[in-house]
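Working notes for the structure below.
The values are calculated or read from the model by the stated rules, or taken from the named source; none is laboratory data. Note that the coordinates shown come from a computational prediction; the quantities given were computed from them, not determined experimentally. Reconstructed Cβ throughout: ideal geometry from the backbone, glycine too, with neighbour counts over all protein chains shown.
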C-alpha cells in the first residue's frame, strides 16, 4: 500500500465530542397503563387482593389501587369490599400532608424526607397527587421521575394519582388508598398536594400533620399565601435554606414565627412551629421529623389525635353522601335528557339557571313541580 492510500485510511482525530444526554423518563403514562392492564386482566376476588396487600405485594397493592380509582361502576362494589377487609389492618401509620407554593421543591423535599425515614427503619408510602387538566382530564403524573431514588427503593411505595378536578387537588379516592397502604405495612404516609389554595382544607381533613413548605426571598412571604393555609398548618418549613439563601431563610423563619403568634391558639394546644431545611443538601430534615414526632406525642397524650381522626371520618361520611347523590343524579338517563333540554332553554334565555335547577331536582326527586 502506497503512502497516499495509507493517509486516506488513517482516521483523523475529531474535535467534536458527543456528551451523554440526560436520561429521559418513560413516555408511558403509568396510570393509563395500569387502567389498561386492569381492563385486560381478570378481576381477582377481594380476598386475593387483600392477601396480597397484607403480605406486602406491591404489584397487587397497585392493582387494588387502580381498582379503587376506576370510574367503572362494575368496579365500585368490588373495590369497596377490598377496602372493608383492609380497614381492620389500617390506622397505624402517621399521615403527613405536604403542600406549598409552586417551586417550593415539594417532590425533592419528599424524596429527602422519605430517604431519611427509610434510613430510620420506616416504610414509606407517597401519594403524590398531580393536577388534572380541566379540558382533557389528563395528568402529567411525573412524580416518579422527580423522586428517582425513592421510587425504586423497596421500602417505599410512590403512587402518583390524578386529581381529576376534585377539591384541593386531592384525588377523590386518596382516603381509601391510605387505608390500603397502611394495611400493606407502610407506617408513614406522605400526601403531596398540587399547591396552595383555599381548597387545601381537603388535605387537612385526611392527615394527622399538615406541613406548609415555603421559600425565602421569593417576594413578600407573609402576603404570598392565604391566611387560611397558615391557620390550618401544624408546621412550616422554609426550604432551600442553603448557600446565599441561608440568611434569607433565617429571616423568613423569624417573620413566620412572629406572624404565628398573632393567631389565636388552636384547640389542640399545639403552636405551629417553623424550621428551615435544604432538601438538596439533606440538612434540617432530621430536625423537621423530630418536630412532627413531638407533635404526634403531644396530640396522642391529650387525646386530640384520635378526636381529629374521628372528625375526619364524620366529614368523609357527609362528603360521600354528597358525591353519591351527585353521581346518581347525573347518571340518571332521564335527567341527562332533561339537562340537555334545560341547557337549550338557558341558551334561548327562556329560563333562569335557578328555575332550571329547581325543575331538574323536582323531576329527580319525583316532586314534579311541587313547591320546596
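So residue 350 ticks every box in (1) surrounded by 15 or more Cβ atoms within 10 Å (Cβ to Cβ); (2) more than 30 Å from residue 273 (Cβ to Cβ) but one. Which box is left unticked?
Unmet for residue 350, out of (1) surrounded by 15 or more Cβ atoms within 10 Å (Cβ to Cβ); (2) more than 30 Å from residue 273 (Cβ to Cβ): (1).
Going through 168, 103, 195, 142 one at a time, which residue ends up being modelled with pLDDT of 65 or more and assigned by TED's automatic domain parsing to the domain that holds residue 286? Lay out the reasoning, then the answer.
Working: 168 fails: modelled with pLDDT of 65 or more; 195 fails: modelled with pLDDT of 65 or more; 142 fails: modelled with pLDDT of 65 or more.
Answer to the selection: 103.
Is there a residue in the stretch 295-305 that is on the phi < 0 side of the Ramachandran plot, crowded, with 16+ Cβ neighbours inside 10 Å, assigned to a helix (DSSP H, G or I) and over 28 Å from the mean Cα position of the chain (by Cα)?
no
State which residue pairs qualify: first residue surrounded by fewer than 17 Cβ atoms within 10 Å (Cβ to Cβ) and inside the stretch 68-83, second residue part of a helix (DSSP H, G or I) in any location, beta carbons under 6 Å apart, and separation of 6 or more residues or different chains.
Matching pairs, first to second residue: 81/46.
Evaluate the following for residue 241: is it modelled with pLDDT of 70 or more and not in a loop (DSSP other than H, G, I, E, B)? If you could, list the steps in order and put the result at the bottom.
Numbers: modelled with pLDDT of 70 or more: yes; not in a loop (DSSP other than H, G, I, E, B): no.
It is false that residue 241 is modelled with pLDDT of 70 or more and not in a loop (DSSP other than H, G, I, E, B).
Out of 356, 336, 363, report the one residue that is touching a helix residue (DSSP H, G or I) at 6+ places or on another chain (Cβ under 8 Å), within 24 Å of residue 76 (Cβ to Cβ) and in a helix (DSSP H, G or I).
336
A quick yes/no check of all residues on (1) without any contact (Cβ under 8 Å) to a residue 24 or more places away in the chain; (2) surrounded by 12 or more Cβ atoms within 10 Å (Cβ to Cβ); (3) within 27 Å of the chain's Cα centre (by Cα):
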residue	(1), (2), (3)
244	yes, no, no
249	no, yes, yes
258	yes, no, no
271	yes, yes, yes
284	no, yes, yes
291	no, yes, yes
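Please tell me if residue 313 is over 28 Å from the mean Cα position of the chain (by Cα) and loosely packed, with under 15 Cβ neighbours inside 10 Å.
On the way: over 28 Å from the mean Cα position of the chain (by Cα): no; loosely packed, with under 15 Cβ neighbours inside 10 Å: yes.
So residue 313 does not fit the description; no.
Do you know which residues across the stretch 273-282 are surrounded by fewer than 19 Cβ atoms within 10 Å (Cβ to Cβ) and out of contact with any helix residue (DSSP H, G or I) (no Cβ under 8 Å at 6 or more places or on another chain)?
Residue satisfying the conditions is 281 alone.
Here are 267, 333: which of them is in the same structural domain as residue 176 (by TED's automatic domain parsing), exposed (fewer than 13 other Cβ atoms within 10 Å of the Cβ) and farther than 30 Å from residue 242 by Cα? Let's see the steps before the verdict.
Details: 333 fails: in the same structural domain as residue 176 (by TED's automatic domain parsing).
Among 267, 333, only 267 is in the same structural domain as residue 176 (by TED's automatic domain parsing), exposed (fewer than 13 other Cβ atoms within 10 Å of the Cβ) and farther than 30 Å from residue 242 by Cα.
On the basis of being closer than 25 Å to residue 203 by Cβ and touching a strand residue (DSSP E or B) at 6+ places or on another chain (Cβ under 7 Å), does residue 296 make the cut? Spell out how you get there, then give the answer.
Working: closer than 25 Å to residue 203 by Cβ: yes; touching a strand residue (DSSP E or B) at 6+ places or on another chain (Cβ under 7 Å): yes.
Answer is yes for this residue.
When you scan the stretch 220-235, do you find a residue that is in contact with a helix residue (DSSP H, G or I) (Cβ under 9 Å, 6 or more places away or on another chain), modelled with pLDDT of 90 or more and in the same structural domain as residue 97 (by TED's automatic domain parsing), even just one? Don't jump to the end; show me each part of the working.
Residues of the stretch 220-235 in contact with a helix residue (DSSP H, G or I) (Cβ under 9 Å, 6 or more places away or on another chain): 221-222, 226, 228-230, 232-235.
This time we only want the ones that are modelled with pLDDT of 90 or more, so: 234-235.
Adding the requirement that they be in the same structural domain as residue 97 (by TED's automatic domain parsing) leaves 234-235.
Yes, the stretch 220-235 has at least one match.
I need a count of the residues in the stretch 79-109 that are assigned to a helix (DSSP H, G or I), closer than 23 Å to residue 66 by Cα and touching a strand residue (DSSP E or B) at 6+ places or on another chain (Cβ under 8 Å).
1
Is it the case that residue 318 is surrounded by 11 or more Cβ atoms within 10 Å (Cβ to Cβ) and without any contact (Cβ under 8 Å) to a residue 40 or more places away in the chain? It would help to see each step written out before you state the result.
Values: surrounded by 11 or more Cβ atoms within 10 Å (Cβ to Cβ): no; without any contact (Cβ under 8 Å) to a residue 40 or more places away in the chain: yes.
When the stated conditions are applied, residue 318 does not pass them.
Any residue that is within 19 Å of residue 93 (Cα to Cα) and either assigned to a loop (DSSP other than H, G, I, E, B) or assigned by TED's automatic domain parsing to the domain that holds residue 243 (or both) - is there at least one of those in the stretch 278-286? Break it down stepwise before answering.
Quick first cut of the stretch 278-286, residues within 19 Å of residue 93 (Cα to Cα) only: 286.
Keeping just the survivors that are either assigned to a loop (DSSP other than H, G, I, E, B) or assigned by TED's automatic domain parsing to the domain that holds residue 243 (or both) gives 286.
Looking for residues that are within 19 Å of residue 93 (Cα to Cα) and either assigned to a loop (DSSP other than H, G, I, E, B) or assigned by TED's automatic domain parsing to the domain that holds residue 243 (or both), one finds at least one in the stretch 278-286, hence yes.
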